[in-house]
Amino acid sequence: MLEEKIKEVAGILAPKPALVILTGAGVSAESGVPTFRGPDGLWRQFRAEDLATPEAFARQPALVWEWYDWRRQKIHSVEPNSAHLTLARWEKYFPFFVLITQNVDGLHQKAGSTRILELHGNIWKVRCTREGKVFENRQVPLSQIPPLCSDCGALLRPHVVWFGEALPADVLEEAFKACSQASVMLVIGTSALVQPAASLPLFARQHGATIIEINLEPTPLSTYADFSLYGRAGEILPLIDQHLPRENLEVKG
Ligand code: BV8
């Protein structure tokens, strides 16, 4: 059954349609990065939704930063998996290819993807809470919790989008635009619960895109998907890749 669907999906991708990808925490799960809502989604006794908020940070900046430092240490110690690597290859082979991610772990970049729309920011960037200046910070572990701005001494925050915060308008606009142009949209490893990211596949579908979902289990998106492939992204994506016609893989000029 799955094998048949993989061949069918490869047949859809063979003519190199305009391809848009949306990834979620499930793509990084096989690298060993805990997902948000899976069994491993807890830290100490807290849920991610409780900590990834401006209110939690205002109340307990050190606690929130301990959680981010713990995640940064985990992410620092893992490698991209074959799902990330396949998507990085596909960026070169599909003339129209846009990778939209909800993940903040930077593993798509580490796998070689270059053009990425990070809807929810990046855990390796920090932002001054006073001046808004953004810095890259790859210190593992952080030498000071909570970290302070080297320019003005104010508290630094992770440069990520918390619950209740607006997504970066330019990135979100580019993501919706890509979805309006997509012929095929692959939705990989997301529970399709978090808005507005979860609206992107529906928007693509309204514009005529074929929706293909890859997940371990059904999600609220499944009823709208043309194909749902149940299994691990790190196994399914390379299998689809193997079924693509080899001449399809010459590097784009
Ligand atoms: C906003 C960054 C408004 C931080 C994150 C009621 C209805 C609709 C919306 C809302 C509502 N109540 C509140 C809202 C809004 C809220 C929201 O959507 N809440 C949800 C929970 C109901 N959204 C927001 O607050 C957004 N902002 O709406 O602002 C606004 C507008 C203008 C002005 C001011 C305000 C902001 C949302 C962004 C939150 N930040 N992350 C950080 O990371 O620390 S979201 C967080 O969830 C991560 O980014 C994560 O990627 C994302 C989505 O989760 P998933 O990626 O799907 O991960 P999850 O664990 O859930 O699922 C993993 C999936 O993978 C599962 O399906 C599993 O089966 C699968 N899987 C596992 N292993 C594998 C696999 N699949 C394949 N292979 C495997 N091996």
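Condition test on ILE100, is it more than 13 Å from the ligand (Cβ to nearest atom), outside the structural domain of ALA154 (by TED's automatic domain parsing), within 21 Å of GLU165 (Cα to Cα) and modelled with pLDDT of 95 or more? Break it down into steps so the answer makes sense when it comes.
On the way: more than 13 Å from the ligand (Cβ to nearest atom): no; outside the structural domain of ALA154 (by TED's automatic domain parsing): yes; within 21 Å of GLU165 (Cα to Cα): yes; modelled with pLDDT of 95 or more: yes.
In short, no.
Do we find a residue being assigned to a strand (DSSP E or B) and basic (Lys, Arg) anywhere in segment 130-153?
No, there is no match, as no residue in segment 130-153 is assigned to a strand (DSSP E or B) and basic (Lys, Arg).
Across segment 42-59, which residue is farthest from PRO80 (Cα to Cα) among those that are among the small types (Gly, Ala, Ser) and near the ligand (Cβ under 10 Å from one of its atoms)?
Applying the first criterion (among the small types (Gly, Ala, Ser)) to segment 42-59 yields 48, 52, 56, 58.
Checking the rest, the ones that are also near the ligand (Cβ under 10 Å from one of its atoms) come to 48, 52.
Details: ALA48: 22, ALA52: 24 Å.
If we take residues in segment 42-59 being among the small types (Gly, Ala, Ser) and near the ligand (Cβ under 10 Å from one of its atoms), then ALA52 is farthest from PRO80 (Cα to Cα).
Could we say that SER31 is more than 15 Å from the ligand (Cβ to nearest atom), surrounded by fewer than 22 Cβ atoms within 10 Å (Cβ to Cβ) and of a type in the set (S, T, N, Q) here?
So SER31 does not fit the description; no.
What pairs can you find where one residue is in segment 203-229 and closer than 18 Å to ALA18 by Cβ and at pLDDT 95 or above, the other is outside any helix (DSSP H, G or I) and open to solvent by 60 Å² or more (accessible area, probe 1.4 Å), and their Cβ atoms are less than 8 Å apart, with a gap of 6+ or different chains?
From residues that are closer than 18 Å to ALA18 by Cβ and at pLDDT 95 or above, the pairs are THR210/ASP226; ILE211/ASP226; ILE212/ASP226.
With within 15 Å of the ligand (Cβ to nearest atom), in a loop (DSSP other than H, G, I, E, B), at pLDDT below 95 and not hydroxyl-bearing (Ser, Thr, Tyr) as the only criterion, which of PRO39, PRO80 stands out?
Details: PRO80 fails: at pLDDT below 95.
Answer to the selection: PRO39.
Answer with yes or no whether ARG89 is touching a residue at least 60 places away in the same chain (Cβ under 8 Å) and either under 30 Å from ARG246 (Cα atoms) or not basic (Lys, Arg) (or both).
Yes, satisfied.
The values are calculated or read from the model by the stated rules, or taken from the named source; none is laboratory data. Predicted, not measured: the structure shown is a model, and the values here were computed from it. All Cβ positions, even for glycine, are placed from backbone atoms using ideal geometry, and neighbour counts span all protein chains on display. Only protein heavy atoms, including side chains, enter the accessible area calculation; ligands, DNA and RNA are left aside. Shrake-Rupley method; radii C 1.70, N 1.55, O 1.52, S 1.80 Å.
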